[in-house]
Amino acid sequence: MEFPRFDLTGQVSLVTGAARGLGRAISLALAHAGSDVALGLRDVSTATDLVREIQSMGRKAWPLQMDVTRLDQISRAIQDTVDRFGRLDILVNNAGIAPENPAENYREEDFDLTLAVNLKGTFSPARRQGAS
C-alpha cells in the first residue's frame with residue numbers, strides 16, 4: 001500500500017470506525033506518518049491484526065470500545081486515549097453506515113440509526129474531544 005507523505009511524528013490520533021474500510025486505511029496512513037493511533041471500534045475484538053500492523057511500523061496502537069451511538073463509550077474512549085497517550089491531537093470521525101434496503105423499504109429504525117451514527121456519532125466525539 002502506498003501512503004500519503006506527511007509528518008505526524010509524536011502526534012496522537014483517534015479514528016472512529018477503525019476496524020475496516022476507510023477507517024482501517026486512515027489508521028494505517030496516520031501510523032505510517034508517525035502518529036500513535038487509538039482505534040475506536042464498535043466491537044473492540046475486531047482489530048487484532050490492525051493493532052499488530054500499526055505496531056510493526058514502530059507506532060503504538062490502542063483498541064477502544066467505541067460505539068458512536070453510545071455517549072458513555074465516546075466519553076470513555078476519548079478519556080482512555082488521553083490517559084494512555086497523554087493527549088489527543090487528531091480526531092478522525094470516520095464511522096458511518098448506509099442501510100442496504102431500498103428507499104421504498106426504508107424503516108424509521110433505519111433512519112434513526114443512520115442519524116445516530118452519521119450525524120450524532122460525528123458531532124459527539126468532536127464535542128467531547130474539545131472538552132478533554
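The values are calculated or read from the model by the stated rules, or taken from the named source; none is laboratory data. Please read these numbers as outputs of a predicted model, since none were measured by experiment. Counting neighbours? That spans all protein chains shown, and the Cβs are built from the backbone with ideal geometry, glycine included. All accessible areas refer to the heavy atoms of the entire protein, side chains included, with ligands and DNA or RNA removed. Shrake-Rupley method; radii C 1.70, N 1.55, O 1.52, S 1.80 Å.
From (1) in contact (Cβ under 8 Å) with a residue 40 or more places away in the chain; (2) within 12 Å of Val12 (Cα to Cα); (3) aliphatic (A, V, I, L, M), pick out the condition that doesn't hold for Ala95.
With respect to (1) in contact (Cβ under 8 Å) with a residue 40 or more places away in the chain; (2) within 12 Å of Val12 (Cα to Cα); (3) aliphatic (A, V, I, L, M), Ala95 is out only on (2).
In segment 34-76, how many are part of a strand (DSSP E or B) and within 11 Å of Thr16 (Cα to Cα)? Quick ask: steps written out before the conclusion?
Initially, segment 34-76 is screened for residues part of a strand (DSSP E or B), giving 36-41, 61-65.
Applying the additional criterion that residues be within 11 Å of Thr16 (Cα to Cα) yields 37-41, 63-65.
Selection size over segment 34-76: 8.
In segment 46-60, which residues are within 24 Å of Lys120 (Cα to Cα) and surrounded by fewer than 16 Cβ atoms within 10 Å (Cβ to Cβ)?
Thr46
I'd like the full set of residues that are closer than 11 Å to Leu28 by Cβ and small (Gly, Ala, Ser), limited to segment 48-65.
Hits for segment 48-65 are Ser56, Ala61.
Residue by residue through segment 66-87, note down the ones that are surrounded by fewer than 19 Cβ atoms within 10 Å (Cβ to Cβ) and out of contact with any strand residue (DSSP E or B) (no Cβ under 8 Å at 6 or more places or on another chain).
Thr69, Arg70, Leu71, Asp72, Ser75, Gln79, Val82, Asp83
I'm trying to understand the selection: among the residues of segment 35-45, which are more than 12 Å from Arg24 (Cα to Cα) and open to solvent by less than 20 Å² (accessible area, probe 1.4 Å)?
Ser35
Quick one: count up the residues across segment 98-122 that are in a loop (DSSP other than H, G, I, E, B) and surrounded by 12 or more Cβ atoms within 10 Å (Cβ to Cβ).
2
Could you tell me whether Ile26 is β-branched (Val, Ile, Thr), under 12 Å from the mean Cα position of the chain (by Cα) and open to solvent by 40 Å² or more (accessible area, probe 1.4 Å)? Outline the logic, then answer.
Values: β-branched (Val, Ile, Thr): yes; under 12 Å from the mean Cα position of the chain (by Cα): yes; open to solvent by 40 Å² or more (accessible area, probe 1.4 Å): yes.
Criteria met by Ile26.
What are the pairs with Cβ atoms under 6 angstrom where one residue, in segment 30-57, is closer than 10 Å to Leu14 by Cα and the other, located anywhere, is of a type in the set (D, E, K, R) and open to solvent by 10 Å² or more (accessible area, probe 1.4 Å)? Sequence gap at least six, or different chains.
Asp36/Arg59; Asp36/Lys60
With the requirement that a residue be under 29 Å from Phe111 (Cα atoms), part of a loop (DSSP other than H, G, I, E, B) and in contact with a Ser or Thr (Cβ under 7 Å, 6 or more places away or on another chain), what does segment 77-96 give you?
Asn93, Asn94, Ala95 - these are the residues of segment 77-96 that are under 29 Å from Phe111 (Cα atoms), part of a loop (DSSP other than H, G, I, E, B) and in contact with a Ser or Thr (Cβ under 7 Å, 6 or more places away or on another chain).
Could you check Pro63 against (1) open to solvent by 40 Å² or more (accessible area, probe 1.4 Å); (2) at pLDDT below 95 and say which number it fails?
Every condition holds for Pro63 apart from (2).
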